[in-house]
1. Quick check on region 67-86: of everything there that is small (Gly, Ala, Ser) and exposed (fewer than 14 other Cβ atoms within 10 Å of the Cβ), which residue is farthest from Val291 (Cα to Cα)?
2. Can you find a residue that is out of contact with any helix residue (DSSP H, G or I) (no Cβ under 8 Å at 6 or more places or on another chain) and either in a loop (DSSP other than H, G, I, E, B) or loosely packed, with under 14 Cβ neighbours inside 10 Å (or both) anywhere in region 39-50?
3. Quick check, is Ile180 over 28 Å from Leu127 (Cα atoms), assigned to a helix (DSSP H, G or I), of a type outside the set (Asp, Glu) and under 18 Å from the mean Cα position of the chain (by Cα)?
4. Restricting to region 89-115, count the residues that are at pLDDT 95 or above, part of a helix (DSSP H, G or I) and either within 30 Å of Gly267 (Cβ to Cβ) or polar (S, T, N, Q) (or both).
5. Applying the selection to region 87-101, what residues are crowded, with 19+ Cβ neighbours inside 10 Å and farther than 17 Å from Ala149 by Cα?
6. Considering Leu147, Leu109, Leu92, which residue is more than 17 Å from the chain's Cα centre (by Cα), assigned by TED's automatic domain parsing to the domain that holds Gly61 and either aromatic (Phe, Trp, Tyr) or under 22 Å from Phe57 (Cβ atoms) (or both)?
7. So which of Gly25, Gly30 ends up being in contact with a Ser or Thr (Cβ under 7 Å, 6 or more places away or on another chain) and surrounded by fewer than 16 Cβ atoms within 10 Å (Cβ to Cβ)?
8. Assess whether Ser293 counts as being assigned to a loop (DSSP other than H, G, I, E, B) and in contact (Cβ under 8 Å) with a residue 24 or more places away in the chain.
Amino acid sequence: MNDQTSKTLRVFAPAKINLYLHVTGQRENGYHTLDSLVGFADIGDEIQISSAEDFRFEITGPFANAFHGRDIDASPESSNLAVRAVWALSRLAEKAPAFKITLQKNLPLGAGIGGGSADAAAVLWGLLEYWNLSADLDGLDALMIMLGADVPVCFACKTLHVSGIGEKLKPVSPAPEIPIVLVHPGKACNTKEIFNRFKSDFSETITPPAHFNSATEMIDFLADTENMLTSSALHFVPEIQNTMRALSTKKDCLLSRMSGSGSTCFGLFDDMDQAEKAAENLMIENPDWWVKSGWLGRPERY
């Protein structure tokens, strides 16, 4: 539909999962360089772009009440990454933002699963479609890095080996679809604080296989990796340890680990039925936790 007066787009913003995360160094500007295998789940937020006379922004969903002040501001001074993405692309493409963005916030905040970056990436992806612009738009890559180190990988929205500060992306294809359970213990992690506390020796960058023939191959590879930010995150949110332990004890859990800078943990399972049963049991045992089951490697933008 080319008539923008009636156009509405819905874009999925999937949770980003750091299957492993190694810290390889620190640049003079303070940014840490990383080595990570990143996948995406069919669990996430949703962005809706609908026609309006001028730009408006609204947050709905189970975590909408977590936003306050500049996070709900629709102006260029907003601190919300989704809004900042609108104004940044508007300037780059020289287009007036005459639409309403509705963010359905389904993912917890401060969770280490790329929520804000995924939202910004989904906004960019949707606006390119809305404005009939090419993904090869000159300056788009630099714009994404300016918004945040995780935005480029979230924009790509597929299994990738990530290095540098997030700008170096190498596809891992095909990547298997694996049942996954996400658990957030109800306490957020502050990414800056986690990295500031990181004191371990830096790791060498490793090279994942160009593809995995099966889930077993991926799990075997991941067994020799880790999330090097876990100990830093545990200092601020010790509940992460119980979350990982609770996942690991569930039947057919192949691997449990913290994602990103925390505090969401994930479990990879051999069978979807077992993943769903594990999620049900975890919700019963820990009613204050946020728990979701789904598929890793099966995100869809629409």
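The values are calculated or read from the model by the stated rules, or taken from the named source; none is laboratory data. Note that the structure is predicted; figures quoted are calculated from it, not measured. Note that each Cβ is placed from the backbone with ideal geometry, even for glycine, and that neighbours are counted across all protein chains shown.
1. Filtering region 67-86 for residues that are small (Gly, Ala, Ser) and exposed (fewer than 14 other Cβ atoms within 10 Å of the Cβ), the one farthest from Val291 (Cα to Cα) comes out as Ser75.
2. So far as region 39-50 goes, no, none of its residues is out of contact with any helix residue (DSSP H, G or I) (no Cβ under 8 Å at 6 or more places or on another chain) and either in a loop (DSSP other than H, G, I, E, B) or loosely packed, with under 14 Cβ neighbours inside 10 Å (or both).
3. Here the answer is no, as Ile180 does not meet what is asked.
4. Of the residues in that region, 1 qualify.
5. Answer for region 87-101, where residues must be crowded, with 19+ Cβ neighbours inside 10 Å and farther than 17 Å from Ala149 by Cα: Pro97, Phe99, Ile101.
6. The match here is Leu92.
7. Gly25
8. So Ser293 fails the test.
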